[in-house]
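Enquirer: Structure incoming, see below.
Nothing in this text is a laboratory measurement; each read-out follows from the coordinates by a stated rule. The structure presented is a predicted model; accordingly, all values stated were derived computationally and were not measured. Virtual Cβ from ideal backbone geometry, glycine too; neighbours counted across all protein chains shown.
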Amino acid sequence: MATEEYDSCSDVDIDELAISMRTDLNGCMSRAENCEYGIKCCLICKIVYRIRQTDKDAYEPSVLSIGPYHHSKLPLLAMETEKWICLDYILKLNCEVSLREYLNLISGLEKGTRGYYTDEINMDSREFLQMLLLDSCFILVYLGGIHIQGASVSGEQSKENMLYEGKREAMDTEPKQTGKEIEESYNQGNYSDTVQWYNSSAVYDLLLLENQIPFFIVKTIYQFFSRNLVTTSLLTNSISEFIEGILYHFPRVISQANRPEDFYHLLHLCHKYLKPSQTQEDADPRLAAKPLCFHVIIDISRKIFTFGRQQNMFHELNRLDSVQLVNRWRRAVDYHEAGMQFMKREFDECNPHSLLDIRFRNGTMQIPCLPIDDKSSLLFRNLVAFEQTCPQVGDDITAYAVLMSQLISTSADVTLLAQKGIIVHQMESDEDVSTLFTKLFEYVAFDFDGEHYLKSICCEMEAHYQSRINRWMAWLWHNHFSNPWVGFAAIASAFIVLCSIMQTVLAFLSYMG
């Protein structure tokens, strides 16, 4: 009876449903076909909802939209005027190339470009092509990619980076500025508060994972615009210079002579600048840290108090202590109590290192200086998200973020590393720094047992932590030798006791003789 009532109330048109599902299926398969090209290179993904909720502001642009994900959102429409100004500027630089020719050029790249985006793009071809052209022109002008060849093509003077002015004005003829120079000019009060806020936000909006377009689109327009009068290395050098201005406070190996020329988008270029320069196995042995004093004492103690078969006692002890090694890091304070020392790795112009080049030698961990401000969370979150969604670029940033999140789990850890000059922050408290990195590791997929560039260091640090010899010597150092007077008193007391024992032994031997 219930079945009859259900059948009688069913008004579903099966034919209409089949047509609708076939349409959706064709669209889904078309998107999958488009993704085949993107998968070979690098996908531009949207951040999943659960991760986005940890820090929504770190993944969404505040003033500038690049790409389809945040296109035409109301808070970002003000900067759209500047994109049209950039397009007009490029069209006037080379009047031989018409707007129609630009659109015909990128229309042939539409299918491949759509394949770079994992989420469905609800934009027709007309809107999508317009978005690609406007955003590409904005990047070319804003990042100074056309100022070199502008004079050779049209004879016009170069223009400074586009600044938001609230309305369309005539093009300025001031020289372009790097990210560092922009920040310095802000500090000197050269721009109004509105311009300062817009540009500071726009710079970091360009480094958001969801706010990217494939760089080959920008490069193609640049080549078409210049009519092959210049090479694309001028473009990549100019954009690399801009990224260097943003990352100027981070140590880096890449210099003007070896700037990257092949990258998927701007965030990928930023990723290249922060990658470790070499594997730990290939590190220069001449740069190894010198042994600490109490390590020398350990070696001497082994030679004095062991002989014959007992000489292997310490090695056996260390071996037994290392059986239960765990592939994770501990707090900096815990390592310090186990005798490990932390030291800021000084930057050497002759042998430069990147932010991720961490070394561990003879119980000393050398970490490059890490500056932290209110933009650090934005940068690291997007770099980690980039690695999580694009495995072919590796997991070096993720490994570094995991290390720091566990190394500075509490404010006491941050205080310790700040005293060593490793962490320099502008946050309100050490607790804020600890919270920043702790939340950075939330919902991040990382295989501790897998192959990552810090794995050997992790094992060496854990072996050092588990060693009882290191703990005993650290206890002696912290409790009896940290104060020079207390240390001297302890040595004097030990010397007096030793003399007393020797005097007793000599007296006994003389009595027996």
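Enquirer: For Ile501 and Gln419 in one chain, what is 0.36 nm times their gap in residues minus the Cα-Cα distance, to one decimal in nm?
Expert: Details: separation 82, 0.36 × 82 = 29.52 nm, distance 4.31 nm.
Length gained between Ile501 and Gln419: 25.2 nm.
Enquirer: Kindly flag which residue pairs out of Lys111/Lys275; Lys46/Lys219; Lys111/Lys219; Lys83/Lys275 have an alpha-carbon separation exceeding 27 Å in this structure. Let's see the in-between values first.
Expert: Numbers: Lys111/Lys275 31 Å; Lys46/Lys219 24 Å; Lys111/Lys219 17 Å; Lys83/Lys275 32 Å.
As for pairs spanning more than 27 Å Cα to Cα, those are Lys111/Lys275; Lys83/Lys275.
Enquirer: Whole-Hz Karplus ³J(HN,Hα) for the stretch 251-256, in order, using 6.51 cos²θ - 1.76 cosθ + 1.60 and θ = phi - 60°, x for Gly and Pro?
Expert: For the stretch 251-256, the Karplus curve yields x, 8, 8, 5, 10, 4 Hz.
Enquirer: Mind scanning Lys73/Lys344; Lys344/Lys375; Lys92/Lys375; Lys56/Lys92; Lys272/Lys344 and naming the pairs with a C-alpha gap bigger than 32 Å? Walk me through the numbers on the way to the answer.
Expert: Values: Lys73/Lys344 44 Å; Lys344/Lys375 22 Å; Lys92/Lys375 36 Å; Lys56/Lys92 40 Å; Lys272/Lys344 22 Å.
Beyond 32 Å between Cα atoms: Lys73/Lys344; Lys92/Lys375; Lys56/Lys92.
Enquirer: How much FRET efficiency would the formula 1/(1 + (r/R0)^6) give for Asp24 and Gln392, where r is the Cβ-Cβ distance and R0 is 30 Å, rounded to 0.05?
Expert: On the way: r = 30 Å, r/R0 = 1.00.
Efficiency, rounded to the nearest 0.05: 0.50.
Enquirer: Taking the mean number of other Cβ atoms within 10 Å as a proxy for protection, how do you rank 207-213, 130-136 from highest to lowest? Kindly include the intermediate steps, with their values, before the conclusion.
Expert: Details: 207-213: 24.3, 130-136: 21.4.
Put in order of decreasing packing, that is 207-213, 130-136.
Enquirer: Right, something else. Measure off 7 Å from each Cα along the Cα-to-Cβ vector at His249 and Tyr511, then give the distance between these two points in nanometres to one decimal.
Expert: Inter-label distance under the simple model: 7.3 nm.
Enquirer: Using mean Cβ contacts within 10 Å as the protection proxy, how do 344-351, 373-380 order, highest first?
Expert: Numbers: 344-351: 11.2, 373-380: 17.6.
Ranked from most to least packed, the peptides come out as 373-380, 344-351.
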